[in-house]
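Participant: To start, I am sharing the structure in question, which I have written as C-alpha cells.
Only the coordinates and a few stated rules stand behind these numbers; no lab work does. Quick caveat: nothing in here was measured; it's all calculated off a predicted structure. Note that each Cβ is placed from the backbone with ideal geometry, even for glycine, and that neighbours are counted across all protein chains shown.
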Ligand SMILES: NC(=O)c1ccc[n+]([C@@H]2O[C@H](COP(=O)([O-])OP(=O)(O)OC[C@H]3O[C@@H](n4cnc5c(N)ncnc54)[C@H](O)[C@@H]3O)[C@@H](O)[C@H]2O)c1
Ligand SMILES: N[C@@H](CCC=O)C(=O)O
C-alpha cells in the first residue's frame, strides 16, 4: 500500500502580500512568452494528432487577442479515441490501485511546481483574477491528491464489508466500468476538467476528455502534466471538439460505458435522454453522472450580522463575475432589514473594480459572445421584473479593450416567480427578493427547480436547524458565502435539476466509476 501523509487541502495564496502579486505578474509574462499562441493537438493513444480545422481560444477581456488554438476533433477522431481507450483498458484495469494513485500524486506534484503558470494561463484564457485562478488551481491539486488517497479504499477483494456466513467465503470487490467520456465546462477549466478525468482513471477506467470550446488551452496544459506523470497511452484521450458533434457522437455511442458531464441543465438533460436509448450492439445501461446549473439563494434574516451578510452576498454574487454554478443569484432578505442590507450590498458592489483578469480586477469580462448575449437579454427584462439598483448595462468594452464586459447588476424587489429569479443567468446579475419573515424566506428559497447551493445568515439557532433539514440544496452554508467548496471539506454537488448529487471531492465519489462484484466460494 502506498505510503502518503493524510490529505490536506492546498493553502491559498495571500495576494495582499506584494511578493505574491509580483510572482503572479512574472508568471503572466512567462505564460505570454511560452504558452500564448500555442497549439494543442488531440492526444489519442499517446500520439499527438492534428486536424485540418482548429478551435480558437480568445481572451474574453480583449477579444482581439487570440490566446491559442486546439485541434478540432472529427467523428473519426472520436471513434479512434474510443477504440484506442478500450484497447488501453485491457492493461490499465489490471494495474494495482496504488500504482495508479501514484500517477495522480506525481501529477499533483508537477502542478504544484507549475501552479502560477496554470493560474496565469486562466487569467488570460477565461479572465480569472488572481484569487479566483489561485483557488481553482489549488482545487485541481486537491482533486488529484484526494482521489489518489480515496482509491485505496477500493483496492482488493473484501474492500467492502460483508457478513460472515458459515462454510463459505464471501467478499465484495470493486471493478472499473470501462471507457467513459468526460465532458467539462469552461468556468472551472482546470479543476473540473482534471477532477472529472482523474477520478475515473484512478479507479481503473479509461477516459475520453472533451474540454469546453472556450478553454482548450488550460485543458491541454493539464493533459501534458498527466502524461509527464506517467499515464500510459490511451488511458486519457484528449479530444477538444464541438460538443454537438463529437460530444453527441460519444454520448450516443454503444461502446461508451459511462458519461460524466458538468455543464448546463439543457445539455445535461439532453445527454441524459440520448444516453438512455440503447443502441444496436450495446450491452450495458450507460451510467450518467450530471453536475448542472443552479439558482442559488442566500437568506438574510433580521437576526443576522449584517457585515457578514453583505460580505457573503458580494463574494457569492460577483466572484468570477457570477459565472459559478454555486453563485448567489438570489438574495432573499426579510422585510425588517431589507433596506439596510440591500443599501449596503449595492454600495459594496458599486466599489468593485471592473477590468481584465491580468489586472486582477474584481469583475472581469464574461466568457464569450453567447454568454454576453444571453446576459444582455436578462438585463433587458430586468426593469420590468424589478428595480435596477445598480448596473444594468453591458458596455462590451473596458479601458479601450473590446471584451464581454457586463456591469455588476443588482435588481431589487423581484418577484419569486420572475424569470430573473428562476432562470440561471450565469453572470454578474443578482435578483433581490423581499420576504415577509423567515418562513416566507425559506419558502422562496425552495421555489425553484434547482437544488445546488444555498445559505442562511442568521443568529437564530432554531432557524439554522430548520434550514439544515428543509433548505433544498446539495451544499448549504451558514454565516458565510455560498461558493468556494474545498475538496474533501465540502463535497460538492446538487440535486433536483442541479444534477445527480454525485459529490465531487467527497468520500464516495469514486464509486460513480466502479461496479461491485460479490464472489462466494463454498468450502
Ligand atoms: N454543478 C456543477 O458542479 C457545475 C460546475 C460548473 C459548471 N456548471 C454549469 O455549467 C454551465 C456552464 O458551462 P458551459 O456553458 O460550458 O455548459 P454547456 O452545457 O454549454 O457545455 C458544457 C460542455 O458540454 C459540451 N456539449 C455541448 N453540447 C453537447 C452535446 N449535445 N453533447 C455532448 N456535449 C455537449 C460543451 O462542448 C462543453 O464541453 C452552467 O450551467 C453551470 O451552472 C455546473
Ligand atoms: N465548486 C465550486 C463551483 C463549481 C461550479 O461552477 C464552488 O463551490 O464554488
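Participant: So if I take the centroid of the Cα atoms in segment 146-217 and the same for segment 452-523, what is the distance between those two points in Å?
Facilitator: Centre-to-centre (Cα) distance: 18 Å.
Participant: Tell me what the chain gives for mean residue ellipticity at 222 nm when only DSSP H runs of n ≥ 4 count, each as -39,500 (n - 2.57), the sum divided by the residue total, rounded to 500 deg cm²/dmol. Walk me through the numbers before you get to the answer.
Facilitator: Values: 15 runs with 194 residues, N = 523.
For the chain, the value works out to -11500 deg cm²/dmol.
Participant: Further question on the same structure: Could you grab the Rg to Rh ratio for segment 164-274? Cα atoms only, Kirkwood for Rh. It would help to have the intermediate numbers written out before the result.
Facilitator: Working: Rg = 16.2 Å, Rh = 15.0 Å.
So for segment 164-274, dividing Rg by the Kirkwood Rh gives 1.09.
Participant: Distance from the Cα centre of segment 80-117 to that of segment 313-332, in angstrom?
Facilitator: Cα centroid to Cα centroid, the span is 34 Å.
Participant: Given the peptides 101-112, 4-15, 434-445, arrange them by the average over their residues of other C-beta atoms within 10 Å, most packed first. Working shown, then result.
Facilitator: Working: 101-112: 20.3, 4-15: 12.8, 434-445: 18.7.
Highest to lowest by the protection proxy: 101-112, 434-445, 4-15.
Participant: To the nearest 10 degrees, how steep is helix 335-350 against the longest Cα principal axis of the chain, on a 0 to 90 scale?
Facilitator: So the helix axis and the longest Cα principal axis differ by about 80 degrees.
Participant: Evaluate E = 1/(1 + (r/R0)^6) for residue 520 and residue 4, where r is the Cβ-Cβ distance and R0 equals 22 Å; express this FRET efficiency to the nearest 0.05. Intermediate results must be reported in sequence, preceding the final value.
Facilitator: Working: r = 34 Å, r/R0 = 1.53.
Plugging the Cβ-Cβ distance into 1/(1 + (r/R0)^6) gives 0.05.
Participant: Give me the percent of DSSP beta bridges within the chain that run antiparallel, rounded to the nearest 5.
Facilitator: Of the beta bridges lying entirely in the chain, close to 40 percent run antiparallel.
Participant: Let me ask something else. Suppose R0 equals 22 Å; then what is the FRET efficiency for residue 339 and residue 381 from their Cβ-Cβ distance, rounded to the nearest 0.05?
Facilitator: Working: r = 24 Å, r/R0 = 1.11.
That gives a FRET efficiency of 0.35.
Participant: Compute the distance from the alpha-carbon center of segment 372-446 to that of segment 26-78, in whole Å.
Facilitator: The distance from the Cα centre of segment 372-446 to that of segment 26-78 comes to 34 Å.
Participant: Place the peptides 286-296, 413-423 in order of packing, highest mean first, counting for every residue the other Cβ atoms within 10 Å and averaging per peptide.
Facilitator: On the way: 286-296: 24.9, 413-423: 17.8.
Packing proxy ranking, top to bottom: 286-296, 413-423.
Participant: Rounded to the nearest 0.05, what FRET efficiency do residue 19 and residue 449 give with R0 = 60 Å and r taken as the Cβ-Cβ distance? Could you check? Kindly include the intermediate steps, with their values, before the conclusion.
Facilitator: Numbers: r = 47 Å, r/R0 = 0.78.
E(calc), rounded to 0.05, equals 0.80.
Participant: Further question: If packing is taken as the average count of other Cβ atoms within 10 Å, what order do 498-504, 50-56, 169-175, 260-266 fall into, highest mean first?
Facilitator: On the way: 498-504: 22.9, 50-56: 14.0, 169-175: 16.1, 260-266: 21.1.
By packing density, highest mean first, the sequence is 498-504, 260-266, 169-175, 50-56.
Participant: Please compute the length gained on full extension between residue 466 and residue 308, using 0.36 nm multiplied by the number of residues separating them and subtracting their Cα-Cα distance. Please report the intermediate quantities before stating the final value.
Facilitator: Working: separation 158, 0.36 × 158 = 56.88 nm, distance 2.04 nm.
Gain in length upon complete extension: 54.8 nm.
Participant: Sketch the reach of a paramagnetic label on residue 459 as a point 7 Å from Cα along Cα-to-Cβ, and name the residues of segment 305-330 whose backbone nitrogen lies under 15 Å away.
Facilitator: Taking a point 7 Å out along Cα→Cβ of residue 459, the residues of segment 305-330 whose backbone N falls under 15 Å are 305-310.
Participant: Could you work out, for the chain, what percent of all Cα-Cα pairs fall into each 10 Å distance bin, beginning at 0 Å and stopping at the bin that holds the largest distance?
Facilitator: With 10 Å bins starting at 0, P(r) equals 4, 19, 28, 26, 16, 6, 1, 0.
Participant: Taking the alpha-carbon set of segment 357-450, what are its Rg and Dmax in Å?
Facilitator: Gyration radius and largest Cα-Cα distance of segment 357-450: 14.7, 48 Å.
Participant: Residue separation times 0.36 nm, minus the C-alpha to C-alpha distance between residue 254 and residue 109: what's the value?
Facilitator: Numbers: separation 145, 0.36 × 145 = 52.20 nm, distance 3.69 nm.
That works out to 48.5 nm of additional length.
Participant: Roughly how tilted is helix 97-113, in degrees to the nearest 10 and between 0 and 90, from the longest Cα axis of the chain?
Facilitator: 40
Participant: Pulled fully out, how much extra length does the chain show between residue 32 and residue 157, if you take 0.36 nm times their separation in residues and subtract their Cα-Cα distance?
Facilitator: On the way: separation 125, 0.36 × 125 = 45.00 nm, distance 4.99 nm.
Stretched out fully, the residue 32 to residue 157 stretch lengthens by 40.0 nm.
Participant: Let me ask something else. What spacing in nm lies between the two simple spin-label points modelled at residue 233 and residue 388, each 7 Å away from Cα in the Cβ direction?
Facilitator: Using points 7 Å along Cα→Cβ, the separation is 5.8 nm.
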